[in-house]
Each structure stands twice: as structure tokens, then as C-alpha cells.
Amino acid sequence: MEKIEPMAMQSQNGKETAVFAGGCFWCTEAVFLELKGVESVKPGYIGGKTENPTYEDVCSGYTGHAEAIKIVFNPALISYGELLEVFFATHDPTTINRQGADVGSQYRSEIFTANAKQKELAAAYIDLLNEENTYGKKVVTKVTDATTFYVAEDYHQNYYNQNKEKSYCTYVITPKIEKVRKVFKDKLK
């Protein structure tokens, strides 16, 4: 299992890293793979106590980890603010430890920041959403300093694109992809 330490999430070679937890990582990975400027998306686990957790460990709810994605992006093509916009438009940031039928702390809404600027931007974006009452409820998304990110098992990588015919993909992920393609046309690859 690949382990990515927090310092490795800083800017490198003009690229930056964003880490978002917004429910099932199959969904969030598929959404962000659609965006121009996104160079890679890796599903994994972050924010817990257990070292080298497995999917089964995380699903137990006892590790403290969230299912998350690590995005490497080119800020000359897509900004961190634009990634935040897509993140908040493609999951429900008003529910604690839940996204649709997926329930448990591993499905929480959380942003793991790589630096002070990301933390400031994420907090300001949440404040704006709450001030404008965008969801009719308070945004409960946490903003936390990034900790060790563990890349998920190989069978989770690029899951949607390899399993579009499966019912979860058809009924849960495909509508999110369609929304991104409609709402964020100018940001697509």
C-alpha cells in the first residue's frame, strides 16, 4: 500500500495537491477525473489512527479514516477554488457521516489541506455557502490539516470507468458525472 506523508502534498514541479472526502471515493474520483487540469486522482484513506488500513478496516468505522481522494492538479489550468466549487456541488456537505445510503464516519465530508492558503480558501468557501444559505442547512464539512494518506487497493483505482455497468455506478455515480458535464462544461477535459 502506498503511503503519502503530509509534506509530499505540498506544491511540486508547479503541480499542487488537494485532498477531499465527500462520501464514497468511487464517486468523487469519477467526478474529478472529468476536469481539465486534473492530472491524477487516487482514492484512499486519511484522517484516522490505524496505519496501513485496508478497505475492510475503514468500512468497520473503527479506524477513524475517511474515504477520500488525492488530486494532483495544474493550478495554471484549474484553481483550488474551482476544485472546491466542484467538490461542494457534487456531494451533500450538510450531513454528518453520511452521503445518501452510505452511512458511517468513513463517508464524512472533510477537506484535508496541504497548506495555510488551502485552509483559508476552504474555510472562506464554507462561510460563503453558509452566508448565502446555499443548501438551506448549515455546511458541516470539516477543514483539517492533511495527515498521512494511504492509497486504496488497486481494485478501487479508476473504479467507475472500469465498472460502469454495475448498479451502484449506474444509479449513484452516473448522475453525478452527468451533473458535472452539464454544470461545469467549461472545466471538462
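The values are calculated or read from the model by the stated rules, or taken from the named source; none is laboratory data. This one's a predicted model, so the numbers in the text were calculated from it and none came from an experiment. Glycine gets a Cβ as well: all are built from the backbone with ideal geometry, and neighbour counts include every protein chain shown.
Here are some notes:
- Scan of region 150-167 for residues that are buried (at least 16 other Cβ atoms within 10 Å of the Cβ) and in a helix (DSSP H, G or I), ordered by number: His156, Tyr159, Tyr160
- Test: residue in region 2-24 that is assigned to a loop (DSSP other than H, G, I, E, B) and at pLDDT 95 or above: no
- Residues that are part of a loop (DSSP other than H, G, I, E, B) and under 12 Å from Val19 (Cβ atoms) within region 127-149 comprise Ala146, Thr147, Thr148, listed in sequence order.
- Residue in region 61-86 that is surrounded by the fewest Cβ atoms within 10 Å (Cβ to Cβ), counting only those that are over 16 Å from Gly37 (Cβ atoms) and hydroxyl-bearing (Ser, Thr, Tyr): Tyr62
- From the options Thr174, Thr134, Thr170, Thr147, residue that is more than 18 Å from the chain's Cα centre (by Cα) and surrounded by 14 or more Cβ atoms within 10 Å (Cβ to Cβ): Thr134
Condition check ((1) out of contact with any strand residue (DSSP E or B) (no Cβ under 7 Å at 6 or more places or on another chain); (2) assigned to a helix (DSSP H, G or I); (3) of a type in the set (Gly, Ala, Ser)) across all residues:
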{"position": "Glu39", "(1), (2), (3)": "no, no, no"}
{"position": "Asn52", "(1), (2), (3)": "no, no, no"}
{"position": "Gly64", "(1), (2), (3)": "yes, no, yes"}
{"position": "Glu67", "(1), (2), (3)": "no, no, no"}
{"position": "Ile71", "(1), (2), (3)": "no, no, no"}
{"position": "Leu77", "(1), (2), (3)": "yes, no, no"}
{"position": "Pro93", "(1), (2), (3)": "no, no, no"}
{"position": "Leu121", "(1), (2), (3)": "yes, yes, no"}
{"position": "Tyr125", "(1), (2), (3)": "yes, yes, no"}
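- Residue check, Ala89 surrounded by fewer than 20 Cβ atoms within 10 Å (Cβ to Cβ), aliphatic (A, V, I, L, M), over 20 Å from Tyr55 (Cβ atoms) and within 15 Å of the chain's Cα centre (by Cα): yes
- Yes/no for Val180 being of a type in the set (A, V, I, L, M, F, W, C), crowded, with 16+ Cβ neighbours inside 10 Å and either part of a strand (DSSP E or B) or at positive phi (or both): no
- Selected residue (criterion: surrounded by the fewest Cβ atoms within 10 Å (Cβ to Cβ)) from residues of region 97-118 that are farther than 24 Å from Cys169 by Cβ and over 15 Å from the mean Cα position of the chain (by Cα): Ala116
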